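Asker: I'd like to ask you about the structure that follows.
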Amino acid sequence: MKKTTTENNEAHTIKVTSKIPIRINIFLRDAGIGSRRKIDEYIQNKFVTINNKVAVLGSKVKTGDIVSVSSPDKELIYALYNKPRGEVTGENKILKDALPVGRLDKESEGLLLYTNDFRVVDALLNPKYGREKEYEVTIREKATPRVVTLLKKGIYTQEGTFAPVKSVSIYKEGYSLRIILTEGKKHEIRRMLNALNLTVMRLIRVRILSFTVRGLGNGEMHKLNEKQIETLLKECGIKN
């Protein structure tokens, strides 16, 4: 693949899977590359290509397109954040140019990873890698063993198909579930449980890979230290 790079920079590639055409700056923003303004700067400086052709402002990408991105050297940021319930997932003023890897809806809470290293974004969000995120869910109705069986088989609804969960267990007399996902579609847990006639009362992401929310106060952020960054990259299969 053609690389539009500056000295000491490597181009990285992302394959587009969006079902509808999407503006390149929005696509790359959602992939964790940076803000739309920063991505527009990359495009203007010819650091972005689509299918080996230099992108221009306003370009759109579609399923199957290959986007290549290179950028000036930058400090890579990695931080954990305990999102409170009621807060909208988005940019954080403390972390310049870093974006959350995946999102929690407004009513959900718990662990988010913020980074501007898109290698980590791809490693965590691409379902083919099967990397774990763990959730604790409180439900209104009592879950039965059949719920475990169905979640492990996968859920098929009019809204879409949801892959089998990696693990699910019932506790607190059937009113709480511990679920491990490796897919991570939008509102996945809520949609799966709704299909099983279970109402989510509280949903907390408690773990991403080996990193847990334990010890992180509500609304608190923690920048990873060097050892933690090494662990994150190793668990993402990234050679630093």
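Asker: For K96, which aspartates and glutamates qualify as cross-link partners when the Cα separation must be under 14 Å and same-chain residues fewer than eight apart are set aside?
Answerer: Reachable aspartates and glutamates: E75, D117.
Asker: Run the accessible area of region 8-89 with a 1.4 Å probe and give the carbon-and-sulfur part as a rounded percent.
Answerer: 47 percent
Asker: How much accessible area does H222 have with a 1.4 Å probe, in Å² rounded to the nearest 10?
Answerer: Taking all protein chains as shown, H222 has close to 70 Å².
Asker: About its Cα centre, how strong a charge dipole does region 131-240 have in debye, to the nearest 20, once Lys and Arg get +1 and Asp and Glu get -1 at the Cβ?
Answerer: It works out to roughly 140 debye.
Asker: Right, next: Leaving ligands, DNA and RNA out of it, report the carbon-plus-sulfur percent of the accessible area of region 188-240 at a 1.4 Å probe.
Answerer: Whole-percent figure for carbon plus sulfur exposure: 45.
Asker: Then there is this: Compute from the Cα atoms of the chain the Rg and the Dmax, the latter being the longest Cα-Cα distance, and quote both in angstrom.
Answerer: That works out to 19.0, 60 Å for Rg and Dmax.
Asker: State the antiparallel share, in %, of DSSP beta bridges confined to the chain, rounding to the nearest 5.
Answerer: 95 percent
Asker: Let me check I have the definition right: for region 79-119, take the eigenvalues of the Cα gyration tensor, multiply each by 5, take square roots. What are those semi-axes in whole Å, largest first?
Answerer: That gives 18, 10, 8 Å for the three semi-axes.
Asker: Charges on Cβ only, +1 for Lys and Arg, -1 for Asp and Glu, centred on the Cα centroid of region 53-201; of T157, I180, L198, which one is farthest towards the dipole's positive end?
Answerer: T157
Asker: Something else now. Under a straight-distance cross-link criterion of Cα-Cα below 24 Å, which lysines are reachable from K19, leaving out those fewer than 8 residues away in the same chain?
Answerer: Of all the lysines, those that pass the test against K19 - Cα under 24 Å, at least 8 places apart if same chain - are K53, K60, K62, K128, K185, K186.
Asker: Roughly what would the spin-label model give for S176 and M221, points 7 Å off Cα along C-beta, in nm?
Answerer: So the two model labels end up 3.0 nm from each other.
Asker: With the cut-off at 1.5 for a/c, could you classify region 69-210 from its C-alpha gyration tensor as rounded, prolate or oblate?
Answerer: Judged from the Cα gyration tensor, region 69-210 comes out prolate (a/c at least 1.5, a/b above b/c).
Asker: If you don't mind, another one. With a 1.4 Å probe and every protein chain left in place, work out the accessible area per residue of the chain in Å², rounded to a whole number.
Answerer: 56 Å²
Asker: Now for a different question. Of the accessible area of region 106-146, with the probe set at 1.4 angstrom, what percent is carbon plus sulfur?
Answerer: 47 percent
Asker: Rounded to the nearest 20 debye, what is the charge dipole size of the chain about its Cα centre when +1 sits on each Lys and Arg Cβ and -1 on each Asp and Glu Cβ?
Answerer: The dipole of the chain has a size of about 620 debye.
The values are calculated or read from the model by the stated rules, or taken from the named source; none is laboratory data. This structure is a prediction, so every number in the text was calculated from the model and none was measured. All Cβ positions, glycine included, derive from the backbone under ideal geometry; neighbour counts span all protein chains shown. Only protein heavy atoms, including side chains, enter the accessible area calculation; ligands, DNA and RNA are left aside. Shrake-Rupley method; radii C 1.70, N 1.55, O 1.52, S 1.80 Å.
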